[in-house]
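J.: Have a look at the structure that comes next, please.
No lab work stands behind these numbers, since they all come straight from the coordinates. Since this is a predicted model, take the numbers as computed values, not measurements. As a convention, Cβ positions derive from the backbone with ideal geometry for all residues, glycine included, and neighbour counts pool all protein chains shown.
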Amino acid sequence: MQISQIIQLLETKAPLAFQESYDNAGLLTGCADWECSGVICTLDATENVLQEAKANGYNLVIAHHPILFKGIKQLTGKNYIEKALIYAIKNDIAIYAIHTNLDNIADGVNKMIAERIGLINTHILLPKPNTLVKLVCFVPLPNATKLREALFEAGAGQIGEYSEVSFSTNGLGGFKSSLLANPVIGTRGIREIVKEERVEVILPTHLQYQVVNALKSVHPYEEPAFDIFPLLNENQLVGSGLMGELPEPISEKELLILLQVQFGLAVIKHTQLLNQPVQKIAVCGGSGSSLITAASRAGAEFYITADIKYHEFFDADKRLVLADIGHWESEQYTIDLLFSIITTNFPNFAVLKTTVRTNPVHYFVGE
Ligand SMILES: [Zn+2]
């Protein structure tokens, strides 16, 4: 199997178009056309994880965090990033990062956190804007069914749990072809009027070219007429953070104990408890302090994330409880997620979860 086949699987689930603008997800070292000898799943592609890959004879490390994040102008091994990159390149190890694109899907990083806590009725906390477009196209009536099917097949017409969503109206299309054209209906140089169907479908922005190609491949006209409109609609399936609820309310202290047990925490930093039962909970793996306001607006009584700064803790302002459970700790089950995506789709392939705990943060909790 080629590395490209694994990349295709990962990007079908978490398209690169879903990553944030500052991110650098994708293939960072190595070549997509290499034969893959095995995969290590990790949060961080540090040098010791790459050594683990080599020791197993594996040449693909799939990491949540892109170790190559910013532009570099030298590659001299002066820091852990350059050391890892040099090691990967010298040993023909491919590093693939699946970062905010995996954060931004409903069954990604945050779903793993939600499952650990037992949240139900989960949905995206802050939908990502500009991820949907509307395609309107015009087709002769006898060709409409085939066209709709091709658009659906290419990924159009999905709204929440509904697929094959479209809207149609009938009308008259008119055109006059030049003397150089090859019209399938009518005569060159003479105005033609045709009974046509106006077909409207919604589609994810990143599938635009794929869907337009599908349209062109089945449309009978030499020059199909179609329009693409950007939409301001929220995409329920793509965005940051996850909101959900517990089946029954529990006390704040019970929730803290649940977090401690489920995430193996030595310590939890949190804001003042409000002495009320909690049921509505927001989560965001990794650095999620930018979502404090969104969590509060969505009615969360408790927001679980990491990397909250001193002044950001004040933002809770007794509206909700903020809990900082640690960056690595909050994302640790992403390794299981990556492992399960690959093993479910390639059951007999060599895949391992790293045994290296890459967390750079340690806690002294007394002796
Ligand atoms: Zn992270």
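J.: If you average 1/r over all unlike Cα pairs in segment 132-230 and invert the result, what Kirkwood radius do you get in angstrom?
T.: Averaging 1/r across every pair of different Cα atoms and inverting gives 14.0 Å.
J.: Ignoring everything except DSSP H segments at least 4 long, calculate the 222 nm mean residue ellipticity for the chain; use -39,500 (n - 2.57) per segment, divide by total residues, nearest 500.
T.: -8000 deg cm²/dmol
J.: Let me ask something additional. Dividing the alpha-carbon Rg of segment 1-83 by 2.2 N^0.38 Å yields what?
T.: The reported ratio for this selection is 1.12.
J.: What is the sum of charges around THR42, taking Lys and Arg as +1, Asp and Glu as -1, for the other residues whose C-beta is under 9 Å from the C-beta of THR42?
T.: -1
J.: Let me ask another. Between GLU234 and LYS176, what is the FRET efficiency for a Förster distance of 41 Å, r being their Cβ-Cβ separation, to the nearest 0.05?
T.: 0.45
J.: Mind listing P(r) for the chain? All alpha-carbon pairs, 20 Å bins, whole percents.
T.: P(r) for the chain, in whole percents per bin: 25, 46, 24, 5, 0.
J.: Measure out, as a whole number of angstrom, how far apart the alpha-carbon centroids of segment 1-79 and segment 311-367 sit.
T.: When both Cα centres are located, 18 Å separates them.
J.: Taking H placed 1.01 Å from N in the peptide plane, check which residues at least 5 places from SER37 or on another chain put their amide H under 5 Å from its amide H.
T.: ASN59, LEU60
J.: Using only the Cα atoms of segment 191-333, construct the convex hull and provide its projected area averaged over every direction, in square nanometres to one decimal.
T.: 13.3 nm²
J.: Can you give the FRET efficiency for GLU367 and ASN275, using 1/(1 + (r/R0)^6), R0 = 22 Å, r = Cβ-Cβ distance, to the nearest 0.05?
T.: 0.10
J.: Mind checking the alpha-carbon convex hull of segment 22-154 and giving the volume per residue in Å³?
T.: In segment 22-154, the Cα convex hull volume per residue is 203 Å³.
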